Amino acid sequence: MHDVFVSHDLFQIESAGPALILRLAAPDGTNRLTCACVRALTNELSKTELRTHPLVIAGNRQFFSVGADLNEIAALTGPEAYEFSATGQALMNAIASHPTPVIAAIEGHCMGGGLDLALACHRRIAAPEAIFGHRGAALGLITGWGGTQRLPRLIGKARALELFITAERISAERALEIGLANAIATDPIAEATRQLATASG
């Protein structure tokens, strides 16, 4: 059991030795990255006390995150959609440029903007049953949060295009094989905190 460092309606932050665990905790369990969630996460990550600790980002056993709320996106005006895209980019850049290591501990579905979030982390540790995918193309959408840049750099342009265009879902084993995941662990959070404690020691 970890001590709760910060409690919010959409996430909580727990202390785990030298690391902090940022656990997405949306009421419906799918951990959608709504406008409110993205803004709150960006604000939280800007705080000095978070920037001095290694960080693990996690969800729950069924959902790391399904990404943006498509119903919410559909209701946005053009300027609002542009602002949401910029806000999401700011969150991903804040994670990517975090001064201490950030590991995504992925269980369940890691989809769309949730995959963008995982890609912004410095490492990704997946549970054996984790599922990855970017379903935007199947819905006539494409990410505006940096995934189209980070994924090709990580796994190569050809494989990244295949994942984006086909909207294919891939297993943790396949993600490890192509370099999307760095490791597979039965308990990704425990493995992430172990790695961070070893690095800090």
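The values are calculated or read from the model by the stated rules, or taken from the named source; none is laboratory data. Note that this is a predicted model, so its numbers are computed, not measured. Quick reminder, even Gly has a Cβ in these numbers, built from the backbone with ideal geometry, and neighbours come from all protein chains shown. Each accessible area value is taken on the protein alone, full model and side chains, heavy atoms only, with ligands, DNA and RNA left out. Shrake-Rupley method; radii C 1.70, N 1.55, O 1.52, S 1.80 Å.
For the chain, modelled as a GNM whose springs connect Cα atoms under 10 angstrom apart, the maximal fluctuation among Ala86, Ala127, Ala19 occurs at Ala86.
Residue separation times 0.36 nm, minus the C-alpha to C-alpha distance between Gln62 and Ala81: what's the value? Write out the running numbers ahead of the final one.
Values: separation 19, 0.36 × 19 = 6.84 nm, distance 2.83 nm.
Here the segment from Gln62 to Ala81 would lengthen by 4.0 nm.
Distance between the 7 Å Cα→Cβ label points at Ala96 and His122: 1.6 nm. Given springs between every Cα pair under 10 Å in a Gaussian network model of the chain, which of Thr34, Thr148, Thr48 has the largest fluctuation? Ranking Thr34, Thr148, Thr48 by mean-square fluctuation puts Thr48 first. Springs between Cα atoms under 10 Å define the GNM used for the chain, and in it the highest mean-square fluctuation of Arg32, Arg153, Arg135 occurs at Arg153.
Accessible surface area normalised per residue over the chain is 46 Å², counting heavy atoms of protein chains with a 1.4 Å rolling probe.
Here the dipole of the chain is about 540 debye; that uses its Cα centre as origin and unit charges on the Cβ of Lys and Arg (positive) and Asp and Glu (negative).
Helix-only estimate, please: 222 nm mean residue ellipticity of the chain, summing -39500 (n - 2.57) across DSSP H runs of length 4 or more and dividing by its residues, to the nearest 500. Don't skip to the end; give the middle numbers.
Numbers: 9 runs with 86 residues, N = 201.
Per the formula, -12500 deg cm²/dmol.
Anything in the chain that counts as a DSSP H helix reaching 30 Å or more along its axis (C-alpha) with Kyte-Doolittle mean of at least -1.0? List them, would you? Within the chain not a single helix satisfies the rule.
Rounding to the nearest 20 debye, state how big the charge dipole of segment 154-201 is about its Cα centre with +1 on each Lys and Arg Cβ and -1 on each Asp and Glu Cβ.
Value, rounded to 20: 140 debye.
Projecting the Cα positions of Asn182, Ala126, Ile103 onto the charge dipole of the chain (unit charges on Cβ atoms of Lys, Arg, Asp and Glu, taken about the Cα centre) puts Asn182 furthest along the positive direction.
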